[in-house]
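The values are calculated or read from the model by the stated rules, or taken from the named source; none is laboratory data. Just so it is clear, the model here is predicted, and its values are computed rather than measured. Cβ coordinates were reconstructed from backbone atoms using ideal geometry, including for glycine residues, and neighbour counts include every protein chain displayed.
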Amino acid sequence: MKQKLKKNNKQYEGLITKCRENPESYGEHSDEEYESHDDIIDADPSITWDTVNKKFKELVAARGRNKTGRFEQVEQLTYLTKLAKTPAQKLQILFSVVFAQFDVNPSLIGGHLPINVWKKCVQNMLVILDILVQHPNIKVDDSVEQEENEIKKGANYNGPIRVSGNLVAFIEKIYAELQDEPKFVVLAQNVQEYLERIGDFKVSSKVALMRVELISYKLQEVYDTMRTLAELENSRNLMDGLVSLIYKYGDERTHHMDVSTQILFNRAMSR
């Protein structure tokens, strides 16, 4: 496994070097560049769930060490997602990919994520949501201890599987680093719909509040342009639905918000 990853890193050496020299270019390579290396990611019987899990633990343990480059770790973890043997294992690794991507904010660019890294975070979050929708028995909870026996369960297993993670914490970080509003609007809508589907309205109200903040100051014609890009409903109807959700499940949080957010919430409530 280690030899395969070294081989993979060698083939991506130029890309990793390019990322280090110019962080803004990270993520601009096309999918074809990865597809050209599909022969590496084969059905090698020597790569088992345990093999992937062992390497995953090594990468997580190496996080933050001086010898481990940030971009290199993102590339290694991303490669590892392609070797994951179960949906839960892929989900577990994807969470670490996004977490590692948040670390890609070198001081030379003012501490902010490069735009292409931000877009990759959004893409990975959408993949995470796809897995959760396809496998409703998998639940994300940052308060649970990871059970390896659960993560080993395959796609045909219908029993409950818990994966450590926090969807809202990740989307809040992506929102704080906002680079592309239409993309974030799509992500926020999908996260909120998923949370409501599993009955977690309390947490979904937090996502609704982010969407209210984005919409509140926009003129209808400006929002209509974004709606065309993100295929969303009329801003008036959307705002009514979001505020209703916040009022029902999260309105007590407004007492602890910063002043500007309270103003936005009260303005939306008074419409």
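Only one of the numbered conditions (1) surrounded by fewer than 16 Cβ atoms within 10 Å (Cβ to Cβ); (2) under 23 Å from Leu209 (Cα atoms) is not met by Gln146, and that is (2). A residue that is outside any helix (DSSP H, G or I) and of a type in the set (Val, Ile, Thr) occurs somewhere in the range 62-75. Gly165 meets the conditions (1) in a helix (DSSP H, G or I); (2) touching a Leu at 6+ places or on another chain (Cβ under 9 Å); (3) closer than 23 Å to Ile93 by Cα in every case but one. The failed one is (1).
Right, Phe56: within 27 Å of Pro114 (Cβ to Cβ), within 20 Å of the chain's Cα centre (by Cα) and at pLDDT below 90 or not? The answer is no for Phe56. Six or more apart or on different chains, Cβ atoms under 6 Å: show the pairs whose first residue is in the range 70-99 and in the same structural domain as Pro114 (by TED's automatic domain parsing) and whose second is part of a helix (DSSP H, G or I) and of a type in the set (D, E, K, R). Final answer for the pair search is Phe71/Arg20; Thr81/Lys90; Ala84/Lys90. There is no residue in the range 133-143 that is of a type in the set (Asp, Glu), within 15 Å of Val97 (Cβ to Cβ) and surrounded by fewer than 16 Cβ atoms within 10 Å (Cβ to Cβ). For the range 67-83, a residue qualifies if it is surrounded by 20 or more Cβ atoms within 10 Å (Cβ to Cβ) and more than 15 Å from Phe102 (Cβ to Cβ), and the qualifying residues are Glu72, Glu75, Gln76, Tyr79, Leu80, Leu83. Checking the stated criteria, Ile93 turns out to be part of a helix (DSSP H, G or I), at pLDDT 95 or above and buried (at least 22 other Cβ atoms within 10 Å of the Cβ). When the residues of the range 190-240 are filtered to those that are of a type in the set (Phe, Trp, Tyr) and outside any loop (DSSP other than H, G, I, E, B), which remaining residue is modelled with the lowest pLDDT? Among residues in the range 190-240 that are of a type in the set (Phe, Trp, Tyr) and outside any loop (DSSP other than H, G, I, E, B), the one modelled with the lowest pLDDT is Tyr223.
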